[in-house]
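Written out below as structure tokens is the structure these notes cover.
Coordinate-derived values only; no laboratory data. If you're wondering where the values come from, they're calculated on a predicted model, not measured in any experiment. Because the Cβ atoms are built from the backbone with ideal geometry, glycine has one as well, and the counts that use them run over all protein chains shown.
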Amino acid sequence: MAWDFSTDPEFQEQLDWVAAFCRDEVEPLELVFPYAVRLRARDPKMAALVDPLQDQIKARGLWALFLDEDLGGPGFGQVKLALLNEILGRYSSAPSLFGCQAPDTGNMEILAAYGTEEQKARWLVPLMNQEIWSAYSMTEPQGGSDPNLFVTTAVRDGEEWVINGEKWFTSAGRHADIIFVMCTNGIFIVPRDTPGVEIMDRPRTHDHIVYTDVRVPLDHLLGPEDGAKVLAQRRLGGGRIHHAMRAIAQCRRAFDMMCERALSRESHGKVIADHQMVQEAVADSYAEINMLRLLVLWTAWTIDNSSTAEARTQIAACKYTAAKVLKDVSYRAIHIFGSLGVTDLTPLQAMWAGAPTMSVMDGVDEVHKVTVARNVLKGYSPHEGYWPTDYLPAMRERAREKFADAFAADPALVEYADYMERRIGRGH
Ligand SMILES: Cc1cc2nc3c(=O)[nH]c(=O)nc-3n(C[C@H](O)[C@H](O)[C@H](O)COP(=O)(O)OP(=O)(O)OC[C@H]3O[C@@H](n4cnc5c(N)ncnc54)[C@H](O)[C@@H]3O)c2cc1C
């Protein structure tokens, strides 16, 4: 019997350590120096605070925990990673502190999987050590959901590739040392200071970048020529499930806050938690978070036992389900907090604002729903004639064949079957 929801005690110890470390070290750091940990050009004053913490994380074998052992990480696999991300996702700076921050994670994953030894030595090792930072340039201004609309191209000219195009919403592009640029004919690694890379003023966090006659050596192509879509799928598949894992942490935080508040206030003669509509909010949130969690863990288990590609339908389902559960749970929590909920004095507003972002980033929900529906429908075929397979009169007719011998031997049994069928017809 292989079904099991338990965590082995050794790994539970790691989880407990991470939970305590995040509560005692990470949370105070991000409350007192908001965003500072995530800033890529790190202030030496911050480095003095952050480096000793990262040394502790490395000593526990928890650095770059998304990478398999053969790719240079601890090789936890996705289920263990999910359990860790359920803790880290509560703290915005935790992924950076643990060396598993987006967009570097996805870039490291494709570098590790498709890079040559030389490319890994040049870029993967410094990325893992946070000595350099990266960005991922895929979306284009004319439309992000449909890769067939992308036009950025690299043309070979002697010993160089010449890239021309325009990209939109490249997260942290202006702070990156290298940018992974998805062209129609492959993914290219472009140092940000290469002549022809122009970063527009707006937006500030997710950059609009124009690439004009950007020249990179031939060995800056990552993976095979024309491999752009395969590499992008590999990269985004991992990213989506990791976001979903961290969303569970956000949902749980909103839920914890909702429950505490519901028990702490009174209205119309009883504590708010005793009002049935508040209880409905608690009960629905409890069930939805656990449904999301089981979906994510099942998907993580599927990846561990097959591959990201095999789990594509499940990953797509996690992507939009996480956004929906985060939206619904954070909304209910805000509502139960009343006026305080709509201020920025609790983390709830930021969680609620994060839901539409989750619905758009890494591919809009609609596209993932189409993927799920299409793949699921492949397992079905149309019925013949007017009636569905589960048309009861036809099912009964087929079922009677099983009793043909018994009916032949005993006409009373036929009469009894007819009688029972007539009773059903009369609504009994
Ligand atoms: C926080 C954040 C970070 C991001 N980081 C990066 C990054 O680092 N690098 C990068 O390259 N990109 C990044 N993106 C961009 C992201 O990949 C795109 O925003 C996304 O693919 C959607 O593209 P779009 O914004 O052009 O929306 P559009 O493609 O214009 O879609 C807009 C809307 O049209 C509708 N729609 C579109 N297609 C369909 C369809 N097939 N069926 C039904 N309805 C549809 C949906 O309602 C959708 O929300 C990021 C986005 C966000 C929000």
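Quick notes
- Pairs of Cα atoms nearer than 8 Å and 6+ residues apart set the relative contact order; for segment 320-428 it is 19 percent.
- Of Ala154, Leu65, Pro141, farthest towards positive along the dipole that unit charges on Lys, Arg, Asp, Glu beta carbons give the chain: Pro141
- Each Lys and Arg contributes +1 and each Asp and Glu -1, all at the Cβ; summed about the Cα centre of segment 202-287, the dipole is approximately 140 debye.
- Inter-site label distance for Arg396 and Glu384 at 7 Å from Cα along Cβ, in nm: 2.3 nm
- Within segment 349-389, backbone nitrogen closer than 16 Å to the virtual label 7 Å beyond the Cα of His335 toward Cβ: 349, 352-353
- Compactness relative to 2.2 N^0.38 Å, alpha carbon Rg of the chain: 1.23
- Between the beta carbons of Asp213 and Glu421, assuming R0 = 51 Å, the FRET efficiency works out to 0.05 to the nearest 0.05.
- Ranked list, fewest to most other Cβ atoms within 10 Å of each Cβ, for Trp301, Trp352: Trp301, Trp352
- Karplus 3J(HN,Hα) series, Hz, for segment 186-203 with 6.51 cos²θ - 1.76 cosθ + 1.60 (x for Gly, Pro): x, 9, 10, 9, 10, x, 4, 7, 5, x, x, 8, 10, 9, 6, 5, 10, x
- A DSSP coil position with no more than 12 other Cβ atoms inside 10 Å describes the following trypsin sites (Lys or Arg not before Pro) in segment 183-264: Arg204.
- Tensor-based shape of segment 1-118 (alpha-carbon gyration tensor, a/c under 1.5 rounded, otherwise prolate or oblate): oblate
- Structural descriptor for the chain: relative contact order 11 percent, calculated from alpha carbon pairs under 8 angstrom and at least 6 residues apart.
- Dipole of segment 286-330, positive direction: furthest Cα of Thr321, Ala309, Leu292, with charges on the beta-carbon: Thr321
- Under a 5 Å amide H cut-off, with hydrogens placed 1.01 Å from N, Leu222 pairs with Ile187, Phe188, Ile189 among residues at least 5 apart or on other chains.
- Where labels lie 7 Å past Cα in the beta-carbon direction, separation of Val32 and Lys58 in nm: 2.3 nm
- Cβ-based exposure ranking for Ser359, Ser330, Ser6, in which fewest neighbours within 10 Å come first: Ser6, Ser359, Ser330
- Compared with the dominant Cα axis of the chain, that is its longest principal axis, helix 276-305 is turned about 70°.
- Degrees, to the nearest 10: 392-402 long Cα axis against longest axis of the chain: 70 degrees
- DSSP beta bridges in the chain [antiparallel fraction, %, rounded to 5]: 90 percent
- In percent, rounded to a whole number, the relative contact order of segment 4-150 is 19, using alpha-carbon pairs under 8 Å and six or more apart.
- Between helix 44-59 and the chain: long-axis angle, C-alpha atoms, 0 to 90°, nearest 10: 50 degrees
- Rounded to the nearest 20 debye, the dipole size of the chain about its Cα centre is 1020 debye, using +1 on the Cβ of Lys and Arg and -1 on the Cβ of Asp and Glu.
- Entries in Lys58/Lys229; Lys58/Lys319; Lys58/Lys324; Lys120/Lys229 that, when Cα-Cα distance is taken, lie over 26 Å: Lys58/Lys229; Lys58/Lys319; Lys58/Lys324
- Karplus-derived 3J(HN,Hα) values for segment 13-23, using 6.51 cos²θ - 1.76 cosθ + 1.60 with θ = phi - 60°, are 4, 4, 4, 5, 4, 4, 4, 5, 4, 5, 5 Hz; glycine and proline are entered as x.
- Ranked by how many other Cβ atoms sit within 10 Å of their own Cβ, fewest first, the residues Thr299, Thr389, Thr308 fall in the order Thr389, Thr308, Thr299.
- Fluctuation leader among Trp133, Trp387, Trp298 - the chain, Gaussian network, Cα springs under 10 angstrom: Trp387
- When you count the other C-beta atoms within 10 angstrom of each residue and take the mean per peptide, 151-161, 313-323 line up highest first as 313-323, 151-161.
- Under the simplified labelling scheme, the Val342-Asn375 pair shows an inter-label distance of 4.1 nm, with each label point 7 Å from Cα along Cα→Cβ.
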